[in-house]
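Engineer: One structure follows; several queries about it will come next.
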Amino acid sequence: MRVLCLGAHDTNTIDSKTCVEMRISMHNKNLSELMQTIHYEFKDIDLLKNALTHSSYANEKCIKKYKDNERLEFLGDAVLELTSSDYIYKNYADMDEGKMTRLRASIVCEPTLAICARAIGLDKFIMLGKGEELTGGRKRDSIISDACEAVIGAIYLDGGFANAKEFVTSFILNDLENKQLFYDSKTILQEVVQASHKEVVYEIIGETGPEHDKDFIAKAYVEGMFEVTAKGHTKKHAEQRAAYEALVQLKKQGRA
């Protein structure tokens, strides 16, 4: 198949395999840009490269120097949980254990981490195999959130706990009210609506994109209160985003 590879220097048509290879190269060319964004300079740049290496890329290369980021993700997950727990304990003195646990879950969940990672452009630097790239892997929350945790693990190994904690505090432990609102959006919305003796209705009203990289369009509505739509990579995520948009609308109206 011949395609036009947008973003490449040569705008002639080239085969899709070469186009993907060029995009991968462009995505990963300048890690100094990422380090500048996160305000941390790696002493061992290989740790950062490892953190950004998805298993599809490592398996495709079959070269010893390309290790996937799963072990760093394991380490970063532990650092993230400890840092977020410490932050919640120290900053929410009157919060009981159950609410603390729920708040932490809203911080470390996959969609939230993916949002944080996209905000710093981390998704652009993940090294994916050609097949994963072609099937929309760069948009998947699971891949992006795993890479975010792996970067936390890499910073911990490279610069110690203090630097890893600073990264988490700066780029993940921010805007917690909205993150919790997003995480609990369907539950919170239902509670708001039930106060008016009504029920939220969710419908999947459409799909966009090719089969391997599909987005679902969800509608959430309550007659006389709101009607919103939102997209998500799964039906569940689309409904969650629609619930969040409904809550934002209701808060602006002073009804939530």
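Every residue, every condition in (1) touching a helix residue (DSSP H, G or I) at 6+ places or on another chain (Cβ under 6 Å); (2) within 29 Å of Lys251 (Cα to Cα), yes or no:
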residue	(1), (2)
Ile152	yes, no
Asn174	no, yes
Val201	no, yes
Ile205	no, yes
Asp215	no, yes
Ala220	yes, yes
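Engineer: Exactly one condition in (1) assigned to a helix (DSSP H, G or I); (2) touching a helix residue (DSSP H, G or I) at 6+ places or on another chain (Cβ under 8 Å); (3) farther than 29 Å from Gln240 by Cα is false for Tyr89; which is it?
Structural biologist: For Tyr89, the exception is condition (3).
Engineer: So, one more: Name every residue in the stretch 230-249 that is surrounded by fewer than 17 Cβ atoms within 10 Å (Cβ to Cβ) and among the polar types (S, T, N, Q), in order of residue number.
Structural biologist: Thr234, Gln249 - these are the residues of the stretch 230-249 that are surrounded by fewer than 17 Cβ atoms within 10 Å (Cβ to Cβ) and among the polar types (S, T, N, Q).
Conditions (1) in contact with a strand residue (DSSP E or B) (Cβ under 6 Å, 6 or more places away or on another chain); (2) under 30 Å from Leu134 (Cβ atoms); (3) at pLDDT 90 or above; (4) in the same structural domain as Arg140 (by TED's automatic domain parsing), marked per residue:
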site: Ile204; (1), (2), (3), (4): yes, yes, yes, no
site: Pro210; (1), (2), (3), (4): no, yes, no, no
site: Lys214; (1), (2), (3), (4): yes, yes, no, no
site: Glu223; (1), (2), (3), (4): no, no, yes, no
site: Glu227; (1), (2), (3), (4): yes, no, yes, no
site: His237; (1), (2), (3), (4): no, yes, no, no
site: Gln240; (1), (2), (3), (4): no, yes, yes, no
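Engineer: Could you tell me which of the residues Asp123, Asp146, Asp158 is among the charged types (D, E, K, R), assigned to a helix (DSSP H, G or I) and under 15 Å from Phe42 (Cβ atoms)?
Structural biologist: Criteria check complete, one pass: Asp158.
Okay, residues lined up against (1) of a type in the set (Val, Ile, Thr); (2) in contact with a Leu (Cβ under 6 Å, 6 or more places away or on another chain); (3) buried (at least 19 other Cβ atoms within 10 Å of the Cβ):
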| residue | (1), (2), (3) |
| --- | --- |
| Glu33 | no, no, no |
| Glu41 | no, no, no |
| Lys49 | no, no, yes |
| Val79 | yes, no, yes |
| Thr83 | yes, no, yes |
| Tyr89 | no, no, no |
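The values are calculated or read from the model by the stated rules, or taken from the named source; none is laboratory data. This one's a predicted model, so the numbers in the text were calculated from it and none came from an experiment. Quick reminder, even Gly has a Cβ in these numbers, built from the backbone with ideal geometry, and neighbours come from all protein chains shown.
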